[in-house]
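Worksheet: the structure to be examined is printed underneath.
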Amino acid sequence: MEVRYRTVIEQSPLSIHVFSPDGTSLLANASWDELWNLEEGEEPEGYNIFDDEQLHATGLIPHIEEGVAGEAVTPRPLLYDPAETGRGGEPRWLQPFVYPVKDEGQRVREVTLIIEDVTERKRLEEELAYRANHDPLTGLPNRILFLERLGAALERAGRRDEAGNGAGNGAGNGADKVAVLFTDLDNFKYVNDSLGHRAGDELLIQVAGRLRGCSRSGDTVARLGGDEFVVLLEEVGSLADAVAAAEGLARELDAPFDLDGREVFATTSTGIVFGGPGEAGGSEAEGLLSSADTAMYRAKEGGKDRHAAYEVGMRARASERLGLEADLRRALEREEFVLRYQPEVDLRSGRTVGVEALVRWQHPERGLVPPSEFVPLAEETGLIVPIGRWVLGEACHKARALRGRLPGGVGGAGEVPPTIFVNLSARQFRHRGLVEEVTEALREAGLEPEALALEITESAVMGDPPEAVVTLRGLKALGVGLAVDDFGTGYSSMNYLKRFPVDHLKVDRSFVAGLGRSREDEAIVSGVVGLAHALGLGVIAEGVETESQLARLQEMGCETAQGYHFAEPLPGEALLEWLATDRERLRS
């Protein structure tokens, strides 16, 4: 048995050392020598384990003493650094097992120390733990770790507050609270759609680097997923301090990002929540984070590229918004969208030369939902793309139907039926398959391309002018008309405008409303009309409501106008009646 016992020990990959209760070595295998980097014969005869400096360095001696006392011990893995004893090698994690061997009288006869090198296992455990708590793309803490740190920060804030109250002054050190900044990139989907996901990932990495670089050492910057980042600020004195921090982050992101030699700008919407344990806005980490998220959406609703602080009542509004979003997702399936058509009138002849298709949502419970409530939400969620696709197809079918029911044209034979104008959202315009979708809508409806005109907002075409030129040329090649909508509200470059293959500029209604009352609006409208004519483009004025506005537009040389002065947006049958009586109105 003794021979076989020795053979098993010698061949074991585990490091094994057998010694007497006084520490005298009885048996050590080759793996033991390898573990401690010992040359053969380096361990002298009469070696005593209690004198080994390496074992002292590991912290193993107290556990060995427990074994000598008769207790079997399996302590946690211990970190051993050979440098502490002047030997070479990398630090290692060692898992010890101490087994006392007793005689019939239950006295310890010898002790067996088994050591397993678990360095690789420990490394894998640490790597898995890191991955479980960090974002793999940016290396920032993820939601799990952020909530853990936020919970700990709230506890510390509570202790500081208690200490301050205990001091008798009713306050801590003047910076007892925490703040959470919930930041979302406004144009991230545009980067992904236009430049590709690789560029999107690079943008996220650079944003993470800037946020980390401008934060204090004790702050936590985390990525929750997608383009959402969150910053935890500890020991914040006031909401004003939190707002200042949010403005600092926004300034840091103002400079352009270099994505493979291409400059990209990233604006952010940030929600701010400031407080501590037991306060409105969330006494727990999840509640505080949720409040910051709610405030971020309020910032987006306010026009993006801004921040908003959480206020009581926001959550109720956010819940209502969530319900509206759920209904909006089902609206297409339930066929709740309808189109209304607003005539566009030639100011010289009085003839209807176009109609703009406007989408409306006939909600089964809320009634007619204003576009101002659901269109921004549809843009934000991406639902505007399928909604816009439906509007395009429905408008093309309506235009074809009008031609069928007015075979001689409006007002008599030989007159061209009105062009139908369809709005394209910014997301639709950036959609890679847009040209194909327009082609398919025309084909399915059996509509000639010249009967359709597409309206794109000035901000959409100027988001990425070189890409816009390519898309506009692709659409123009189909034979459809093109108009720049809401002109004057953005920051168009004249250099690009002359390269856009468009047919019309539509003057925004906000400027038309100021005609006769505002010299600035008068100058802008007059300037747009002059610019359009210089470029060989037509002008369409939106939102005409009074006779004086109409007269002023005619004086300026504007060719076409639409608005309640002529007609409100009409249902399909009412539009047909309007067009059928066009000639009668011209005669009156």
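The values are calculated or read from the model by the stated rules, or taken from the named source; none is laboratory data. Because the structure is predicted, anything quoted here is derived from the model rather than measured. Backbone-built Cβ (ideal geometry, glycine too); neighbour counts: all protein chains shown. SASA here: full protein model, heavy atoms, side chains in, ligands and nucleic acids out. Shrake-Rupley method; radii C 1.70, N 1.55, O 1.52, S 1.80 Å.
Applying the selection to the range 529-543, what residues are closer than 15 Å to ARG499 by Cα and open to solvent by less than 40 Å² (accessible area, probe 1.4 Å)?
Answer for the range 529-543, where residues must be closer than 15 Å to ARG499 by Cα and open to solvent by less than 40 Å² (accessible area, probe 1.4 Å): ALA532, LEU537.
Might you let me know whether the range 49-58 holds any residue that is out of contact with any helix residue (DSSP H, G or I) (no Cβ under 8 Å at 6 or more places or on another chain) and either at pLDDT 90 or above or crowded, with 16+ Cβ neighbours inside 10 Å (or both)?
yes
For the list (1) in contact with a Lys or Arg (Cβ under 9 Å, 6 or more places away or on another chain); (2) open to solvent by less than 50 Å² (accessible area, probe 1.4 Å); (3) not acidic (Asp, Glu), I need the number of the one condition that ILE64 fails.
(1)
Out of the residues in the range 184-208 that are crowded, with 17+ Cβ neighbours inside 10 Å and in a loop (DSSP other than H, G, I, E, B), state the one that is modelled with the lowest pLDDT.
Among those residues, the one meeting the criterion is ASN187.
Being over 16 Å from ILE16 (Cβ atoms) and either outside the structural domain of HIS17 (by the TED database) or touching a Leu at 6+ places or on another chain (Cβ under 8 Å) (or both) is the filter; apply it to the range 80-107 and report the residue that is surrounded by the most Cβ atoms within 10 Å (Cβ to Cβ). Please lay out each step first, then the result.
Of the range 80-107, the ones over 16 Å from ILE16 (Cβ atoms) are 80-93, 102-107.
Next, only the ones that are either outside the structural domain of HIS17 (by the TED database) or touching a Leu at 6+ places or on another chain (Cβ under 8 Å) (or both) stay: 80, 91-93.
Details: TYR80: 24, PRO91: 11, ARG92: 18, TRP93: 19.
Filtering first and then ranking leaves TYR80.
May I ask you to list the residues in the range 466-490 that are crowded, with 17+ Cβ neighbours inside 10 Å, in contact with a helix residue (DSSP H, G or I) (Cβ under 9 Å, 6 or more places away or on another chain) and assigned to a helix (DSSP H, G or I)?
Going residue by residue through the range 466-490, those that are crowded, with 17+ Cβ neighbours inside 10 Å are 468, 471-472, 475-476, 480-488.
With the extra rule that they be in contact with a helix residue (DSSP H, G or I) (Cβ under 9 Å, 6 or more places away or on another chain), the set shrinks to 468, 471-472, 475, 480-482, 484-488.
Hits for the range 466-490 are ALA468, THR471, LEU472, LEU475.
Against the conditions (1) in a helix (DSSP H, G or I); (2) open to solvent by 10 Å² or more (accessible area, probe 1.4 Å); (3) within 17 Å of THR419 (Cβ to Cβ), where does PHE566 fall short? Just the number, please.
(1)
Residues in the range 127-143: is at least one acidic (Asp, Glu), open to solvent by 40 Å² or more (accessible area, probe 1.4 Å) and under 24 Å from LEU78 (Cβ atoms)?
Quick first cut of the range 127-143, residues acidic (Asp, Glu) only: 127, 135.
If we keep only those that are open to solvent by 40 Å² or more (accessible area, probe 1.4 Å) too, we end up with 127.
Now restrict to residues that are under 24 Å from LEU78 (Cβ atoms): 127.
Looking through the range 127-143, at least one residue is acidic (Asp, Glu), open to solvent by 40 Å² or more (accessible area, probe 1.4 Å) and under 24 Å from LEU78 (Cβ atoms).
Does VAL359 count as open to solvent by less than 40 Å² (accessible area, probe 1.4 Å), in a helix (DSSP H, G or I) and touching a residue at least 24 places away in the same chain (Cβ under 8 Å)? Explain how you work it out, then say what you get.
Numbers: open to solvent by less than 40 Å² (accessible area, probe 1.4 Å): yes; in a helix (DSSP H, G or I): no; touching a residue at least 24 places away in the same chain (Cβ under 8 Å): yes.
No; evaluated as a whole, the condition is false for this residue.
From VAL438, VAL461, which residue is at pLDDT 90 or above and crowded, with 20+ Cβ neighbours inside 10 Å?
Numbers: VAL461 fails: at pLDDT 90 or above.
None of the others qualify; the one that does is VAL438.
Quick one: how many residues across the range 323-337 are touching a residue at least 40 places away in the same chain (Cβ under 8 Å) and open to solvent by 40 Å² or more (accessible area, probe 1.4 Å)?
Within the range 323-337, residues that are touching a residue at least 40 places away in the same chain (Cβ under 8 Å) and open to solvent by 40 Å² or more (accessible area, probe 1.4 Å) number 2.
Given the structure, is ALA245 open to solvent by 30 Å² or more (accessible area, probe 1.4 Å) and modelled with pLDDT under 90?
Numbers: open to solvent by 30 Å² or more (accessible area, probe 1.4 Å): yes; modelled with pLDDT under 90: no.
So ALA245 does not fit the description; no.
Taking VAL525 and the conditions (1) assigned to a helix (DSSP H, G or I); (2) surrounded by fewer than 13 Cβ atoms within 10 Å (Cβ to Cβ); (3) in contact (Cβ under 8 Å) with a residue 12 or more places away in the chain, which numbered condition does it fall short on, given that it satisfies the others?
Condition (2) is where VAL525 drops out.
Can you find even one residue in the range 386-398 that is among the hydrophobic types (A, V, I, L, M, F, W, C), surrounded by fewer than 18 Cβ atoms within 10 Å (Cβ to Cβ), more than 26 Å from PRO465 (Cα to Cα) and at pLDDT below 90? Spell out how you get there, then give the answer.
Within the range 386-398, the first condition is being among the hydrophobic types (A, V, I, L, M, F, W, C), and the residues that meet it are 387, 390-392, 395-396.
From what is left, the residues that are surrounded by fewer than 18 Cβ atoms within 10 Å (Cβ to Cβ) are 390.
Among the residues that remain, those that are also more than 26 Å from PRO465 (Cα to Cα) are: 390.
When the remaining residues are screened for being at pLDDT below 90, the result is none.
For the range 386-398, residues among the hydrophobic types (A, V, I, L, M, F, W, C), surrounded by fewer than 18 Cβ atoms within 10 Å (Cβ to Cβ), more than 26 Å from PRO465 (Cα to Cα) and at pLDDT below 90: absent.
Within the range 435-454, which residues are under 16 Å from GLY481 (Cα atoms), of a type in the set (D, E, K, R) and in contact with a His (Cβ under 9 Å, 6 or more places away or on another chain)?
GLU437
Need the failing condition index for GLU573 against (1) over 21 Å from THR352 (Cβ atoms); (2) more than 42 Å from the chain's Cα centre (by Cα), just the number.
It is condition (1) that GLU573 fails.
If a residue has to be part of a helix (DSSP H, G or I) and closer than 18 Å to GLU458 by Cβ to count, how many in the range 421-440 make the cut?
Qualifying residue count, the range 421-440: 6.
Is it true that some residue in the range 331-347 is within 26 Å of ASP193 (Cα to Cα), modelled with pLDDT of 85 or more and among the β-branched types (Val, Ile, Thr)?
There is no residue in the range 331-347 that is within 26 Å of ASP193 (Cα to Cα), modelled with pLDDT of 85 or more and among the β-branched types (Val, Ile, Thr).
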